[in-house]
Amino acid sequence: MLEGQIPIEDYESGNTKNKWNLNKIKLEHKTISEYNYIKKDIQKGYANRTLYINLNEGIIKEKKVTEDMKKLFTGGRGFGLKLLWDSIKSNTRWNSNENELIITTGPLCGTTQYPGSGKSLCLTISPSTDIICDSNVGGFFGPYLKFAGFDAVEIQGKAKEDVIIIIDGEKGKISIETAPLEETNSHMISQQLTQMYSSEDDDKSRQKISIVSAGMGAENSYWGCLNFSFYDIRRKIPRLKQAGRGGLGTVLRDKKIKAILTKVEKFDGVSNNPADSVTLAKVGTKLHREIRDLDRYQCNMRAVGTVHLVEIMDEYDLLPTENYRFGSFPKASKLYSQNFYKLFTKIIPDGCWHGCTMACAKTVDHFTVMTGPYKGEKVTVDGPEYETVGCGSNMSIWDPLWVLEFNFYCDTYGLDTISTGTSIAFYMEMYEYGILNKKRCDGIELCFGNAEAVLEVIHRIASGDKGEFISIASKGIRRVKDWLIKNNWGDIGIIEDCGMESKGLEYSEYVTKESLAMQGGYGLTLKGPQHDEAWLIFMDMVNNSIPTFKDKAEALHYFPMWRTWFGLNGLCKLPWNDVEPSNNPKTDDPSKVPEHVQNYVDYQNAVTGWNVDKEELILQSERCYNWQRAMNVWLGRGSRKDDWIPYRSMGPVTVMEYISRRERYDKYLNEKIGISEEKIEKMKIEEKIKIIYDYRQDQYQKLSDAVYYRRGWTPNGVPTPNKMKKLGFTDPKMLKILKDKIITDEKAGLNIWGGKYNNKEKNPNDGIKYW
Amino acid sequence: MKNSGKVRVLKFYDERCNGCLECMKACSMIHFKTKEGGEKSAIKINKINKKFIMNACDQRGLCLDMCPVGALKRKKSSIVWLDKKICIGCQACIGFCPINAMRKSKDRIEPFKCISCGACIRVCPEKALEFIEKDINDIKEIVYHKQGV
């Protein structure tokens with residue numbers, strides 16, 4: 001094992017070194033458009049302007065950030081929504097000319113004193129869902145974009161040939177250049193461009209560049225992610241973090257962008273020009289000390305990153321295995337964190353932005369690639385994180401080295417590991433049932449555990465294979481469901497219930513069958529089933545601290561709002577509750593981590609000079625959250641039917657699943673549904689599955705009722721004009737859209753609660769004023 | 001840069017100290033060109049239970065692996081040195097120093113620390129401070145957490 005205190009210059013990653021003729025590559029660039037701008041200092045966290053680029057006509061211009069925009073949308077994801085609203089139409093789809101790819105920062109983004117402060121927020125109309133997808137990502141791009149002078153960059157239109165966009169904060173110049181010879185795959189192009197555009201031939205200069213790219217997989221699927229680079233002065237390569245969800249990379253490549261590069265002249269600990277740098281340093285140091293003293297006894301993030309979750313999830317029956325059929329598995333211990341700990345390169349600060357001592361961005365250096373175009377090369381694999389390991393177990397792949405192989409290729413091809421893994425797990429289950437077979441899978445034996453077949457699917461997607469299966473499989477579960485149903489290859493119920501997607505987006509890696517609140521945490525979301533809105537499994541299932549619908553609805557109000565707040569500011573959620581003060585269990589509301597919430601109040605005030613309290617933070621999010629839902633309504637997808645979730649996320653779909661947890665479900669029938677033990681004994685499994693199915697579907701509708709009510713929405717899940725006005729929105733166009741939608745729903749009889757209530761049960765009060 | 005393998009660290013004789021704090025004033029002169037001492041000094045003398053306690057960096061270098069931009073290095077003399085021009089003020093070294101010897105003044109965002117310059121030794125009227133030489137391998141610490149505590 002490597003010991004510490006190796007001088008930076010002396011560290012050797014052992015990776016294969018790539019040599020390119022960069023001069024020749026650069027000579028092929030043709031400048032399409034250029035724009036010079038005046039460099040300005042950041043003021044209290046804001047650059048106060050955004051950058052607009054139109055690739056059709058080569059337009060580059062600045063847009064002013066108004067005080068009103070800050071007040072209503074705060075920054076980050078909020079700014080992204082505002083820019084989209086001003087630019088797209090209600091029928092805009094992912095590949096429409098007017099669709100935009102937006103990367104935003106947030107007022108706290110780029111702070112170095114508080115861990116987890118370098119996040120970018122990316123937004124677009126997603127190919128998977130046809131609505132807005134937002135994704136939160138690390139790497140240096142967001143902070144550098146701001147320090148180069150812009151709170152956000154929005155890119156509209158499509159280029160005619162492959163281009164790169166260069167935001168040069170050193171010279172104060174934006175340019176669009178053709179880039180015909182650069183590699184497309186991310187681990188290669190980020191190295192090429194980092195070397196090509198670095199001002200000096202040294203690591204310090206290379207560290208002042210960040211690149212956004214997506215590889216060949218993004219070009220040929222709906223799972224495209226964006227890779228954000230951060231140059232590692234020890235490994236001497238740009239490492240990668242992913243904006244994974246919703247096909248952002250697909251949109252990047254559809255616009256024919258090979259990469260977006262940003263570069264700063266200089267930056268330091270006060271580049272944000274905070275209002276109160278003394279308080280900022282004090283709050284930051286306090287958290288560093290907490291991580292120093294407590295992380296090793298809590299999550300062990302500094303040692304293994306988010307992979308520490310694997311054993312916990314397995315223990316609590318929450319680790320998705322064989323397409324979420326089971327939550328634990330006898331072989332799961334092969335993927336426990338100690339197995340990855342052995343492989344991770346140690347001794348190096350692993351933050352994806354400077355100053356993040358949570359340091360969860362682990363890597364495996366000099367990993368020997370086993371398949372595909374880079375077979376035999378030694379590379380650095382960024383990760384795996386928990387979700388990627390969860391994809392391993394979901395596909396029944398129990399070898400850490402194959403998880404690394406999957407991780408490496410997904411990243412460099414620009415494929416979201418979550419969507420890729422969850423989709424393939426579904427295809428594998430369909431293969432097991434004979435709904436898919438070798439012939440229907442273009443000759444691939446896609447059965448559970450076949451790691452080589454998984455890699456073959458990925459390589460074929462990246463190579464642009466036009467086989468029928470690969471073409472449809474690469475568009476994700478929703479399209480495959482429709483394809484299977486259209487061909488009449490299997491039972492519609494099985495196909496719909498087993499495929500883990502909602503709104504067209506694939507689930508992330510948690511089993512939610514026994515936690516109703518978490519089913520809501522995946523279903524009652526804006527972009528689709530991703531755990532970044534709420535993670536309530538322990539509160540709900542293990543601690544039983546939110547037993548009633550009202551309690552669950554309160555949690556499904558507070559936590560999505562709270563977690564949204566990180567995205568408005570350019571922050572990471574992990575330092576909020578992946579380390580907790582030692583006295584946290586004794587506070588009045590441990591699940592909220594009150595001391596850390598106060599840190600964020602102090603932090604936002606220290607940067608912006610505002611005087612907000614914790615309620616105001618929630619209000620900032622509530623504005624953004626409701627606006628996004630309202631935009632979903634406008635795009636035609638913001639109502640109850642869109643919050644549908646597959647039954648696999650609620651309970652046992654198949655007899656095998658029931659039998660595997662028989663005791664639990666029999667007890668449930670007895671205790672929750674009130675069927676006597678004798679009767680249960682005599683019932684057929686299919687009959688029992690049906691009773692639980694009906695009961696849990698009704699529970700989910702009742703939960704939706706309670707949550708819509710709590711959020712101030714109609715029974716069909718539409719934000720009311722009244723609610724929007726209370727939040728400060730006066731945009732007549734938006735208010736009219738909502739009013740019209742509610743009137744239409746009223747006529748169609750959709751403004752009714754979805755649950756079946758008996759006399760003893762209370763339904764949510766329906767006395768909401770709509771306008 | 002190859003270092004010598006030995007490093008000079010401060011040794012304190014509490015029984016000789018009279019609490020005059022001249023050492024702290026001399027130290028702040030080095031770092032901030034002021035005789036204020038206090039938060040601008042890398043060496044600290046505290047009186048706890050009628051006994052003087054000295055706190056200053058012992059050059060163990062745990063912070064070296066913490067720095068994301070490589071602003072902390074061992075100099076040729078083996079002392080741990082913070083380069084203000086490279087530092088981006090993240091405070092990670094301050095937070096992670098196990099003996100809280102990395103300092104921060106309100107005057108600037110970058111931290112500072114004892115550089116074994118000897119200014120404090122020279123001004124001490126009671127000869128309560130002196131340099132001793134230590135082998136780096138005996139004092140060096142590694143930041144990476146072992147899994148499972």
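Please treat every number below as a calculation from the coordinates, not as lab data. No experiment lies behind these values; they were computed from the predicted model shown. As a convention, Cβ positions derive from the backbone with ideal geometry for all residues, glycine included, and neighbour counts pool all protein chains shown.
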Just to check I understand the Karplus step: with θ = phi - 60° and J = 6.51 cos²θ - 1.76 cosθ + 1.60, what whole-Hz values come out for the stretch A:685-697, glycine and proline as x? 4, 4, 5, 5, 4, 5, 5, 5, 4, 5, 5, 6, 4
I'd like the distance between the alpha-carbon centres of the stretch A:153-182 and the stretch A:17-56, rounded to an integer number of Å. 6
Filter on A:171/A:263; B:73/B:134; A:30/A:64; A:89/A:733; B:33/B:134; A:71/A:723 - keep pairs with C-alpha separation over 20 Å: A:30/A:64; B:33/B:134
Regarding the protein assembly as shown, what whole-number volume in Å³ per residue does the convex hull of its Cα atoms give? 171
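Once every DSSP H run of n ≥ 4 in chain A is given -39500 (n - 2.57) and the sum is divided by its residues, what mean residue ellipticity at 222 nm do you get, rounded to the nearest 500 deg cm²/dmol? Walk me through the intermediate numbers first.
On the way: 30 runs with 309 residues, N = 771.
That calculation yields -12000 deg cm²/dmol at 222 nm.
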In a GNM of chain B with a 10 Å cut-off on Cα contacts, which of B:119, B:26, B:42 has the highest mean-square fluctuation? B:119
Per the stretch B:67-149, sqrt(5λ) over the Cα gyration tensor eigenvalues, sorted largest first, in Å, gives 24, 19, 13
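With an 8 Å Cα cut-off and a minimum separation of 6 or more residues, compute the relative contact order for the stretch A:8-263 in percent.
Numbers: 643 pairs, mean separation 56.7, N = 256.
Once normalised by length, the contact order is 22 percent.
Given R₀ = 25 Å, FRET efficiency for residue A:433-residue A:399 by Cβ-Cβ distance, to 0.05?
0.50
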If one compares the long axis through the Cα atoms of helix B:22-32 with the longest principal axis of the Cα atoms of chain B, the angle in degrees, nearest 10, works out at 40
Counting other Cβ atoms within 10 Å, which GluC sites (Glu not before Pro) in the stretch A:46-121 have at most 13 and lie in a DSSP loop? A:57
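Suppose only helical runs count, i.e. DSSP H with n ≥ 4. What mean residue ellipticity at 222 nm does that imply for chain B under -39500 (n - 2.57) per run, divided by all residues and rounded to the nearest 500 deg cm²/dmol?
Numbers: 4 runs with 25 residues, N = 149.
Per the formula, -4000 deg cm²/dmol.
Taking loop as defined by DSSP and a crowding limit of 13 other beta carbons within 10 Å, which trypsin sites (Lys or Arg not before Pro) in the stretch A:631-718 fit?
Values: sites: A:637, A:640, A:641, A:648, A:661, A:662, A:664, A:667, A:672, A:679, A:682, A:684, A:688, A:690, A:696, A:702, A:710, A:711; in loops: A:637, A:661, A:672, A:684.
Those that pass, being in a loop and sparsely packed, are A:672, A:684.
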May I ask you to evaluate 6.51 cos²θ - 1.76 cosθ + 1.60, the Karplus curve with θ = phi - 60°, for each residue of the stretch A:6-11 and list the ³J(HN,Hα) values in order in whole Hz, giving x for glycine and proline? 7, x, 3, 5, 8, 6
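Are there trypsin sites (Lys or Arg not before Pro) in the stretch A:227-322 that DSSP puts in a loop and that have at most 11 other Cβ atoms within 10 Å, and which ones?
On the way: sites: A:234, A:235, A:236, A:239, A:241, A:245, A:253, A:255, A:256, A:258, A:263, A:266, A:282, A:286, A:289, A:292, A:296, A:302; in loops: A:234, A:235, A:236, A:255, A:256, A:266.
Hits after loop and neighbour filter: A:266.
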Span from the the stretch B:71-111 Cα centroid across to the the stretch A:511-565 one, whole angstrom: 42
Please give the Cα centre distance for the stretch A:263-312 versus the stretch A:184-232, rounded to the nearest Å. 25
Scalar couplings 3J(HN,Hα) for the stretch B:98-111 by Karplus 6.51 cos²θ - 1.76 cosθ + 1.60 (θ = phi - 60°), nearest whole Hz, x for Gly and Pro, are x, 10, 6, 9, 7, 9, 9, 10, 5, 5, 8, 6, 7, x
Residues meeting the amide H criterion for residue A:239 (H placed from the backbone, H to H distance under 5 Å, 5 or more places apart or on another chain) are A:230, A:231, A:232
Roughly what would the spin-label model give for residue A:757 and residue A:472, points 7 Å off Cα along C-beta, in nm? 4.3
Residues meeting the amide H criterion for residue A:49 (H placed from the backbone, H to H distance under 5 Å, 5 or more places apart or on another chain) are A:65, A:151
